[in-house]
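As structure tokens, the structure follows; a few thoughts come after it.
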Amino acid sequence: MKYTVDQLFTDYFSGTIEKQIAWRRFELRFDNPVRDENVGGGKKQNEINRALDNQIIREESDPEMIQLTIRYESVKQFIQTIDQQLVTMLDYHYDEQKNYVWPKIAEMVYKSKSQCIRDVQHVKEKYYKSHWSRPVENLTL
């Protein structure tokens, strides 16, 4: 499945990726079927319980969690390199909860609608060509 820069930015600025990470962490924490392979036997003596270590290992080795974290961190690191006004425009445009249209965004950042659209397109291309987008699987412009 192809994943576009628009979808990635929408997921990031809407908070969807953070929610997906939290949900996956929840799934990994509570989807832990413990199998008793010692049916009919006694209980282990001197067993060390390393639940936290095991949880961290599960999260860090889960392919879905790795990809979600890569998506989140790649955008987070990228937006730290661009102008704050551009970040504001991206936030206004891609945050689905704010639901701003281009004329409203242009009015809020004191630019023309067409200039805002060009600026966002330029940022998308800049992200796609940057090294931050490389680890994101199946990313298209």
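The values are calculated or read from the model by the stated rules, or taken from the named source; none is laboratory data. Just so it is clear, the structure is predicted and the values come from calculations on it, not from any experiment. So basically every Cβ, Gly included, is an ideal-geometry build from the backbone, and we count neighbours across all protein chains shown. Ligands, DNA and RNA are excluded from the accessible area calculation, which covers all protein heavy atoms including side chains. Shrake-Rupley method; radii C 1.70, N 1.55, O 1.52, S 1.80 Å.
Are any residues in region 62-83 farther than 30 Å from V120 by Cβ and open to solvent by 50 Å² or more (accessible area, probe 1.4 Å), and if so, which ones? Show your work before the answer.
So in region 62-83, the residues farther than 30 Å from V120 by Cβ come out as 62-63.
The one that is farther than 30 Å from V120 by Cβ and open to solvent by 50 Å² or more (accessible area, probe 1.4 Å): P63.
What are the pairs with Cβ atoms under 9 angstrom where one residue, in region 52-66, is more than 14 Å from E27 (Cβ to Cβ) and the other, located anywhere, is in a helix (DSSP H, G or I) and at pLDDT 85 or above? Sequence gap at least six, or different chains.
Here the result reads E60/I66, each pair linking region 52-66 to a residue that is in a helix (DSSP H, G or I) and at pLDDT 85 or above.
Under 23 Å from R134 (Cα atoms), surrounded by fewer than 16 Cβ atoms within 10 Å (Cβ to Cβ) and either at pLDDT below 90 or of a type outside the set (S, T, N, Q) (or both) - does that describe any residue in region 48-61?
Yes, region 48-61 has at least one match.
Please determine whether any residue of region 117-140 is touching a residue at least 60 places away in the same chain (Cβ under 8 Å) and at positive phi. Outline the logic, then answer.
So the first thing to find is which residues in region 117-140 are touching a residue at least 60 places away in the same chain (Cβ under 8 Å), and the list is 124, 127-128, 133, 135-140.
Next cut, at positive phi only: 138.
Among the residues of region 117-140, at least one is touching a residue at least 60 places away in the same chain (Cβ under 8 Å) and at positive phi, which makes the answer yes.
Only residues that are exposed (fewer than 13 other Cβ atoms within 10 Å of the Cβ) and either in contact (Cβ under 8 Å) with a residue 24 or more places away in the chain or of a type in the set (D, E, K, R) (or both): list them for region 94-103, please. Lay out the reasoning, then the answer.
Going residue by residue through region 94-103, those that are exposed (fewer than 13 other Cβ atoms within 10 Å of the Cβ) are 96-97, 99, 101, 103.
Result: E96, Q97.
Between R134, R118, which is open to solvent by 80 Å² or more (accessible area, probe 1.4 Å) and closer than 30 Å to M65 by Cα? Reasoning before the result, please.
Numbers: R118 fails: closer than 30 Å to M65 by Cα.
R134 is the lone residue from the list that is open to solvent by 80 Å² or more (accessible area, probe 1.4 Å) and closer than 30 Å to M65 by Cα.
Collect the residues in region 1-14 that are in contact (Cβ under 8 Å) with a residue 12 or more places away in the chain and either over 12 Å from Y128 (Cα atoms) or of a type in the set (K, R) (or both), keeping them in residue-number order.
The first filter runs over region 1-14 and keeps only residues in contact (Cβ under 8 Å) with a residue 12 or more places away in the chain, leaving 1-6, 8-14.
Result: M1, K2, T10, D11, Y12, F13, S14.
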